[in-house]
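Here the structure comes first, spelled out in structure tokens, and everything after it is commentary.
The values are calculated or read from the model by the stated rules, or taken from the named source; none is laboratory data. These figures come from a predicted structure and were not determined experimentally. When we count neighbours, we look across all protein chains shown, and the Cβ atoms used for this are built from the backbone with ideal geometry, even at glycine. When the accessible area is computed, the model is the full protein with side chains, heavy atoms only, and any ligands, DNA or RNA have been set aside. Shrake-Rupley method; radii C 1.70, N 1.55, O 1.52, S 1.80 Å.
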Amino acid sequence: MPNSVLGKAVALLNAYEPGDESLSLAELHRRTGIPKTTLHRLLGELGEWKVLERTRRGYRLGMRMFEWGQLVSVQRSLCDAAAPFLACLSEATHATVNLAVPEGPDVVYIQKINALDEPRRPPRVGGRLPMHCTALGKAILAHGLPGRLDALVSGGLVGQTSRSVRDLVALRAEIERVRACGFAEEREEAVVGVACVAAPVRNSSGVVVGAISVAGHPAKIDAGRVWPTLRATALGLSRNVGRRGPGW
């Protein structure tokens, strides 16, 4: 448990996970280990700053958090650049499409368009999943910075489902396959009932800044069928990002 007040406040905010609407004082105490008296004081102060809001069921993230999120320039700019491309990809494939960026050992979903005829499945925008369990993450690992894979495996491979890759040798073989064919796949490795095909997005320097994917029920997602459209979309988006200058 952090010793400083700032550390405790960050730990408190980090306790919220995708899908959490409100968390009670008891649940926040369980997740953070912060004494309830200290938690109560922090919750009050963060509430005054509108970072957290009080609800009937406990406490939820406040509008100030949303406002700060809009100030994350690179992600916001990437979302703006990607919006028309994702819309076209959604229309062409009739599948759920995602845009994600790397964050440590995970990918963070920053944009999503849900298929109309599919149930909404996690993760939602702002959610994260282990990089090695997702097609998005594999695309980033295969085409991104060389040291990223080594840094990932040094922390161990924790699976999400029974199909998740947990073996280093198997993961390296999968990454080599992705490099050879250009696209990444996963079938129920991150979320049960979801298959995904992904391609990397590059900036003006050729550095991978994220990835886009087509996702849906495993019976509906065929890599050979969606890859030409996905590849064209990823290349178009990368060119669009590249025109925005070297700051990307």
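Residue-by-condition table, conditions (1) modelled with pLDDT of 95 or more; (2) over 30 Å from residue 153 (Cα atoms); (3) in contact with a helix residue (DSSP H, G or I) (Cβ under 6 Å, 6 or more places away or on another chain); (4) surrounded by 12 or more Cβ atoms within 10 Å (Cβ to Cβ):
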site	(1), (2), (3), (4)
22	no, yes, no, yes
34	no, yes, yes, yes
44	no, yes, no, no
78	no, no, no, yes
127	no, no, no, yes
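Taken over the stretch 183-193, the criterion of being within 23 Å of residue 85 (Cβ to Cβ) and open to solvent by less than 20 Å² (accessible area, probe 1.4 Å) is satisfied by 184, 186, 190. Just so you know, in the stretch 115-163 the residues that are under 25 Å from residue 227 (Cβ atoms) and among the β-branched types (Val, Ile, Thr) include one that is farthest from the chain's Cα centre (by Cα), and it is 161.
Suppose the filter is free of Cβ contacts under 8 Å to residues at least 60 places away in the same chain and surrounded by 14 or more Cβ atoms within 10 Å (Cβ to Cβ); does residue 154 pass it? In short, no. If the condition is being at pLDDT 90 or above and part of a loop (DSSP other than H, G, I, E, B), then the stretch 106-125 contributes 114, 115. Of all residues in the stretch 116-149, those that are within 19 Å of residue 79 (Cβ to Cβ) and aliphatic (A, V, I, L, M) total 5. Quick one: would you say residue 200 is in contact with a Gly (Cβ under 8 Å, 6 or more places away or on another chain) and open to solvent by 10 Å² or more (accessible area, probe 1.4 Å)? Spelling it out, residue 200 is indeed in contact with a Gly (Cβ under 8 Å, 6 or more places away or on another chain) and open to solvent by 10 Å² or more (accessible area, probe 1.4 Å).
Considering only residues that are under 16 Å from residue 126 (Cβ atoms) and surrounded by 13 or more Cβ atoms within 10 Å (Cβ to Cβ), which ones fall in the stretch 9-19?
Here is the first cut: in the stretch 9-19, the ones under 16 Å from residue 126 (Cβ atoms) are 13-19.
Those that are under 16 Å from residue 126 (Cβ atoms) and surrounded by 13 or more Cβ atoms within 10 Å (Cβ to Cβ): 13, 15, 16, 18.
In the stretch 94-117, what residues are open to solvent by less than 40 Å² (accessible area, probe 1.4 Å), of a type outside the set (Val, Ile, Thr) and in contact with a Ser or Thr (Cβ under 6 Å, 6 or more places away or on another chain)? Once the filter is applied, which keeps residues that are open to solvent by less than 40 Å² (accessible area, probe 1.4 Å), of a type outside the set (Val, Ile, Thr) and in contact with a Ser or Thr (Cβ under 6 Å, 6 or more places away or on another chain), the stretch 94-117 yields 98, 115.
Kindly provide the set of residues from the stretch 146-161 that are within 16 Å of residue 135 (Cα to Cα) and either part of a loop (DSSP other than H, G, I, E, B) or of a type in the set (Phe, Trp, Tyr) (or both), ordered by number. Please lay out each step first, then the result.
We begin by selecting, within the stretch 146-161, every residue within 16 Å of residue 135 (Cα to Cα); these are 148-149, 152, 157-161.
Within the stretch 146-161, 157, 158, 159, 160, 161 qualify.
Every listed requirement among (1) in contact with a helix residue (DSSP H, G or I) (Cβ under 9 Å, 6 or more places away or on another chain); (2) at negative phi is met by residue 170 save one, (1).
Entry remark, the stretch 133-148: residues being out of contact with any Pro (no Cβ under 8 Å at 6 or more places or on another chain) and open to solvent by 10 Å² or more (accessible area, probe 1.4 Å) number 3 in total.
Selection over the stretch 46-61 of residues that are surrounded by 12 or more Cβ atoms within 10 Å (Cβ to Cβ) and not in a loop (DSSP other than H, G, I, E, B) gives a count of 8. Restricting attention to the stretch 211-248 and to residues that are of a type in the set (Val, Ile, Thr), part of a helix (DSSP H, G or I) and at pLDDT 95 or above, the residue that is most open to solvent (accessible area, probe 1.4 Å) turns out to be 229.
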